[in-house]
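Single-structure report; data block below.
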Amino acid sequence: MIILGVDPGSNVTGFGIVRVEGRSCTLIDSGVIRAAKAGDDHTLRLKRIYDSICILIGEHIPDLCAIEMPIYGNNPQSMLKLGRAQATAMMAALNHEIPVTEYTPKEIKKAVTGNGNASKEQVRYMVETMLAMPKEGSITLDASDALAVALCHVHRGGGTSARASHKNWAAFIKDNPNRIR
């Protein structure tokens, strides 16, 4: 199964694509979509996000899309733009008949780090560890957030047909040796 994770933003949208085989996850691709260009209005940014997500879908043919849900913010205009970016990414997936699942930031952080209030740096560290990435800090925070969304989907039971149950940490480590550095 291939999962496309998306961390929507009206200026920068992160994406991460992972392959799930059994209980292991492998990085396929990650990066950012730079939607903002000097002089662009918001609608052109949305088109850039849509087109870029469609290209990624065409290249990697994901089975599903997991996306971060914007839930809070101080500036109503910023939240409106963020919601539009999220909807644009969702429509790109849905127009390719790819199911979309949304997760809150706290759900994502908890699934990846065990702490719903983890920092972006902690999330990146855990994503790099879980995907056995060779160099610490090798991906942007937006890309690691998108990969975290995909990994959250896997950990919530969406990436496999049956979710594993572990009695204790020793059993978890035994079943997941690739997650330990």
Seminar exercise, completed: Selection from segment 13-27 of residues in contact with a Lys or Arg (Cβ under 9 Å, 6 or more places away or on another chain) and surrounded by 19 or more Cβ atoms within 10 Å (Cβ to Cβ) yields 13, 25
Problem set entry | Options 94, 151, 141, 147: the member that is touching a Cys at 6+ places or on another chain (Cβ under 8 Å) and either surrounded by fewer than 22 Cβ atoms within 10 Å (Cβ to Cβ) or at pLDDT 95 or above (or both) | 151
For this session: Would you mind stating whether residue 85 is closer than 19 Å to residue 36 by Cβ and not hydroxyl-bearing (Ser, Thr, Tyr)?
Result: yes
Exercise. Exactly one of (1) surrounded by 14 or more Cβ atoms within 10 Å (Cβ to Cβ); (2) free of Cβ contacts under 8 Å to residues at least 12 places away in the same chain; (3) not aliphatic (A, V, I, L, M) is unmet by residue 41. Its number?
Worked result: (1)
Exercise. Can you name the residue in segment 1-39 that is assigned to a loop (DSSP other than H, G, I, E, B) and in contact with a helix residue (DSSP H, G or I) (Cβ under 8 Å, 6 or more places away or on another chain) and, of all such residues, is modelled with the highest pLDDT?
Worked result: 8
For this session: For segment 46-65, state whether one or more residues are assigned to a strand (DSSP E or B) and within 18 Å of residue 142 (Cα to Cα).
Result: yes
Seminar exercise, completed: Of (1) of a type outside the set (S, T, N, Q); (2) closer than 12 Å to residue 16 by Cβ; (3) at pLDDT below 95, residue 167 satisfies every one except (2)
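The values are calculated or read from the model by the stated rules, or taken from the named source; none is laboratory data. Since the model is a prediction, treat every value here as computed from it, not as a measurement. Quick reminder, even Gly has a Cβ in these numbers, built from the backbone with ideal geometry, and neighbours come from all protein chains shown.
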